[in-house]
Amino acid sequence: MSDASMESGLADKLMGPVTAVIDRKRDELMPMLAGGAGKAAQHALHDDECVRKVASFCYPLLPGLLRLAVKEPVFVSFVMDNREKVLGHLASSA
């Protein structure tokens, strides 16, 4: 199996739980993205430190079995690499 197909499989498996956490914790996450939707939040998506903070906040909220399979550095890397897909809808909706 190639690295690209393994990464794609990981993204498919992580996207659902991550989206659920983001939807559930929207009110707590919005201040991490410069306090609200719009241009400030979109700008925050391009700030590596801000995206790392959101990923670190979300990781402990993932299902336990997922945390056993995917360690925090791998999860943070996934969020960094897929920030627009993972966090874009959070920034675009109020």
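The values are calculated or read from the model by the stated rules, or taken from the named source; none is laboratory data. Remember, predicted model here, so these are calculated numbers, not experimental data. No Cβ is skipped: glycine too gets one built from the backbone with ideal geometry, and neighbour counts run over all protein chains shown. Protein only, heavy atoms only, side chains kept; ligands, DNA and RNA dropped before computing areas. Shrake-Rupley method; radii C 1.70, N 1.55, O 1.52, S 1.80 Å.
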Practice problem: Pull up the stretch 49-73, narrow it to residues that are open to solvent by less than 30 Å² (accessible area, probe 1.4 Å) and in a loop (DSSP other than H, G, I, E, B), then point me to the one that is farthest from residue 88 (Cα to Cα). | Solution: 70
Practice problem: Give just the number: which of (1) within 13 Å of residue 90 (Cβ to Cβ); (2) modelled with pLDDT of 85 or more does residue 27 not satisfy? | Solution: (2)
